[in-house]
Amino acid sequence: MTNPYFQAYERSLKDPEGFWGEVAEDCHWYKKWDKVLDDSRKPYFYRWFPGGMVNTCYNALDFHVENGRGGQDALIYDSPVTDTIKKFTYIELRDLVAKFAGALSSLGVGKGDRVLIYMPMIPEAAIAMLACARLGAIHSVVFGGFAANELATRINDAKPKVIVSASCGIEVKRVIPYKPLLDGAIEMAKSKPDHCIICQRPMETANLIPGRDLDWNDVMAKAKPHDCVPVASTDPLYILYTSGTTGIPKGVVRDNGGHMVALKWTMKAIYNVDAGDVYWAASDIGWVVGHSYIIYGPLLKGCTTILFEGKPVGTPDAGAFWRIISQHKVKTMFTAPTAFRAIKREDPKAEHMKKYDLSNFKYLFLAGERLDPDTLRWAEKSIGVPVIDHWWQTETGWSIAANCVGLHHFPVKQGSPTKPAPGMDVRAVDPNNNIVKPGEIGALVIKLPLPPGTLPTLWNNDEGFISSYLKEFPGYYKTADAGFIDEDGYVYVMTRTDDVINVAGHRLSTGGMEEILSDHPDVAECAVLGVDDQLKGQVPIGFIVLKAGVTRSQDEIIKEVVKMVRDRIGAIASFKTATVVKRLPKTRSGKILRGTIQKIADNKEFKIPATIDDPVILDEMREALEKIGYAGVRK
Ligand code: COA
Ligand code: AMP
C-alpha cells in the first residue's frame, strides 16, 4: 500500500500543515508564514500561509536568474499564424516584465489595483500578467474570444485601473480586431479604466483615443524597470471569471502564497517535469489552464514554456502539434481532448506524426472535459506515450484527480482521471450529504479545507462563494460535477449538475444564453441545452416558444437569436442552432425537463418522467429535434 502517491496523499489529509509546510520550503519567501493554515473562520473560509510575504513574479523569474538559469529559455512564442518563433531567456523575460511593471507603476498601478488583460496569445500577454504579479497588482485576464458585453461585465466587477489589450487576434487566417470590442465594452461599462495600453500588431492598427490609450511600445520605451514588491501570501494574485449558472460570471480569486506553493509542486508530482524541461500547455491564457500551466506552473518550476498562437488543425495542418513537440523538444504536453478529436478527424492514421522526431516526448495530459474512450485509445495508439486524463476546474486551479505520475504511475482505467490528488479529499455523496457506496453515482465534493492554490473566495462576493460552493453539502466544497468512485479509489466524472456545459473544452453557461434568448421581443420562453457533438464534446442548442400572435418567419427569428448570442457572448459560445417549439416539456411543478430533452436530442434511452405534465410534448420535441438534425437523424 505504500508508494510515494499513497504516502503523500495520506499525509496531505492527516497532517495538511506538515505536508504543505514542507512543500512551501521549495519557494522563496521574503518572510515565512506565521501559520501554515488559518482555519479561524471555518467552516467557510481558510487561508494558507498567513503572515508570509512573497512575490510570485520573483519566484517565477528573478529566482531562476539568480540561481543560474538566466540563459535558459523561459518562454518560446510559436505562432504559425504569423510565421514567428521567438525565444525569451529567463533574463530577457525578467527584464521585459520589470520594464512593463515600471510602465504600469508610472500609470499609478500598485499593490491591490486591478489590471484587466484582453489579449491574444502573444508574449506581451504573458509579460503583462507577470508584471502585475511583480507589482502586487491583481490581473484579470479575459479570453479574447469573448464579445464586448462579456468584457463589460468583467470590467464592472473588477474595476480595473488599466486595461492591456492588442489591436487584433488571429483566428487561423481571420484577423479579429480587438479594439472595437474593447472600446464598445468600455462604453457599456459603468466603471472606466484610467488608461488602456494597446499592443499594435502589424496586421491591424488600432485607433488610439488620445489621453486614454497608450501604445505598448511607447510606454515600454519610457519605462524604468520595477523591482518585485513583497505582498502578503494571502493577497490576491489574480481574478479569473468563469461561467456559473447565470449570465453573471463568477470572479474566482487566487492568492499568491498558496498558489505558488501548490503549482510549483504539481509540476513534478503530477506532470513529472523538472527545472530545465520543456512543458507545453496548448490552451489560451484566457482560461485557467493557461494561467496555471502556460504561465505560472512551468515558470515557477524553471521549465521552458511554450506560448502557441495557433490551432491543432489548419495552422497549417494536423501535424502542428507534432512539429512543435519535435522542434522545441517538448517533454510533457497538456491540452483538451477536443484538440485530439480535431486532429483525429483530419488525420485518422496520424500520418503527419511520421515526419517528426518525437523522442523527447514522454506524456500527454488531457483535461477540460470528459475524455472519451475513442480519443484516449487513438491518442495512446498513435503517439505511444502515456495519455493521462486529469480532472480540474477554474476554481481549483490544479488537479482534483489525476494520475500523479511524478509520484506513482497507476494503470489507466478508461473513463477515469485516476485518483484524487494529494490534498483533495474527494467523496461522492447523496442529496442528504451521506457518502454513497463505491460505484454509486453521487455529487462529487471535496472535504474542507481545500488545499493551497484553490479559490479562497469569489471577488467581492463571500456570500456568493458560500452559496455557490459550500452551502449545499456542509463540510464540503461542491464541484458541481456528478460521478462515482470505484472500489479501487478511481474517480469517474460523468456530468455537471448545473447549467454549465463544456464546448471544445470551454466552459459556458446555458443559463447565460437563455437570458439572451429571452431578450428577443418575439420569444415567450426558451431553453438552451448542451447536446453531444463529435468534435466539441458538447454544443448548445436552443428551443424557443414564440409569443402568441407572432407571425414573422421562424427562420428569421432563429437567425436573430443566433446572432444575439454571438454578439453578446462571442463566437466561442458556438451557438449555431435553435428551433421553434410549441411548448417545452415540464414537470407539474413547472421545471423544464432538461435531462429528458437532452436524451432525446442525443438519441439515448430515457424513461418518461412520472412528473411530466403532458407526455405528448416529448413527441413534439423529438420531431423538432429531428428537423434540425438531432434525435438520431445525424449520428
Ligand atoms: N478570439 C476570437 N474568436 C475566437 C477565439 C479567440 N481567441 N477562439 C475561438 N474563436 C472563435 C472561433 O474562430 C470560432 O468562430 P466561428 O464560429 O466563426 O468558426 C468560434 O470562436 C468557436 O471556437 P472553437 O469552439 O474553438 O471552435 P474551432 O472550430 O475554431 O476550433 C478546436 C475547434 C477543437 C480546434 C479548438 O477549440 C481547440 O483547439 N480546442 C482545444 C484547446 C483549447 O482551447 N482548450 C481550452 C481549455 S484546455
Ligand atoms: P473549467 O472551469 O473551464 O476548467 O471547467 C471545469 C469543468 O470541466 C469541470 O467541472 C468538469 O465538468 C469538466 N472537466 C474538466 N476536466 C475534466 C475531466 N478530466 N473529465 C471530465 N470532466 C472534466
> So, by mean Cβ neighbours within 10 angstrom, what's the order for 175-181, 447-453 with the highest one leading?
Replying inline: 447-453, 175-181
>> Given contacts defined as C-alpha pairs under 8 Å and at least six residues apart, what's the relative contact order of region 504-627, whole-number percent?
In response: 22 percent
> Hey, if you put +1 on the Cβ of every Lys and Arg and -1 on every Asp and Glu Cβ in the chain, which of LEU593, ILE325, VAL115 ends up farthest toward the positive end of that dipole?
Replying inline: ILE325
> Considering amide H positions built from the backbone, and no H for Pro or chain starts, which residues 5 or more places from MET119, or on another chain, come under 5 Å of its amide H?
Replying inline: VAL142, GLY144
>> Restricting to Cα pairs below 8 Å that are 6+ residues apart, what does the relative contact order work out to for the chain? Please round to a whole percent.
In response: 12 percent
> Can you give me the relative contact order of region 377-478 as a percent, contacts being Cα pairs under 8 Å and 6 or more apart?
Replying inline: 20 percent
> Just how large is the dipole of the chain about the Cα centre, in debye to the nearest 20, putting +1 at every Lys and Arg Cβ and -1 at every Asp and Glu Cβ?
Replying inline: 280 debye
> Short version: ³J(HN,Hα) in whole Hz for each residue of region 510-515, in order, from phi by Karplus 6.51 cos²θ - 1.76 cosθ + 1.60 (θ = phi - 60°), x for Gly and Pro, what are they?
Replying inline: 5, x, x, 5, 4, 4
>> Show me, for region 76-85, the HN-Hα J-couplings you get by feeding each phi into the Karplus relation (A = 6.51, B = -1.76, C = 1.60, θ = phi - 60°), rounded to Hz, glycine and proline as x.
In response: 10, 8, 10, 10, x, 6, 10, 6, 10, 10
> In this model, which of LYS14/LYS268; LYS349/LYS536; LYS159/LYS576; LYS87/LYS159 are farther than 27 Å apart at the alpha-carbon?
Replying inline: LYS159/LYS576; LYS87/LYS159
> What ranking do HIS139, HIS520, HIS195 get, fewest neighbouring Cβ atoms within 10 angstrom at the top?
Replying inline: HIS520, HIS195, HIS139
> Under 5 Å between amide H atoms, partner at least 5 residues away or on a different chain: which partners does ILE138 have, H built in plane at 1.01 Å?
Replying inline: GLY112, ASP113, ARG114, VAL115
>> With 10 angstrom as the radius, rank LEU517, LEU93 by how many other C-beta atoms surround their C-beta, starting from the fewest.
In response: LEU517, LEU93
> Taking the DSSP beta bridges in the chain as the whole, what percent of them are antiparallel, to the nearest 5?
Replying inline: 60 percent
> So for the chain, taking the charge dipole from beta-carbon charges (+1 Lys/Arg, -1 Asp/Glu), which of VAL65, ILE306, GLY439 sits furthest toward the positive end?
Replying inline: ILE306
> What are the aspartates and glutamates whose alpha-carbon lies under 15 Å from the alpha-carbon of LYS190, with same-chain residues fewer than 8 places away excluded?
Replying inline: GLU150, ASP157
> Amide H of GLY406: which non-local residues (sequence gap of 5 or more, or other chain) have their own amide H closer than 5 Å, using H built in the peptide plane?
Replying inline: ILE270, TYR271, ASN272
> Once phi is turned into θ = phi - 60°, what whole-Hz ³J(HN,Hα) does the Karplus curve with 6.51, -1.76 and 1.60 give for every residue of region 339-351, x standing for Gly and Pro?
Replying inline: 5, 6, 5, 5, 5, 4, 5, 7, 9, x, 9, 6, 5
> Mind checking the dipole of region 504-627: about its Cα centre, +1 per Lys or Arg Cβ, -1 per Asp or Glu Cβ, Debye to the nearest 20?
Replying inline: 240 debye
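Throughout, read-outs are computed from the coordinates displayed, never taken from laboratory work. Since the structure is predicted, the reported quantities are computational estimates derived from the model, not experimental observations. So basically every Cβ, Gly included, is an ideal-geometry build from the backbone, and we count neighbours across all protein chains shown.
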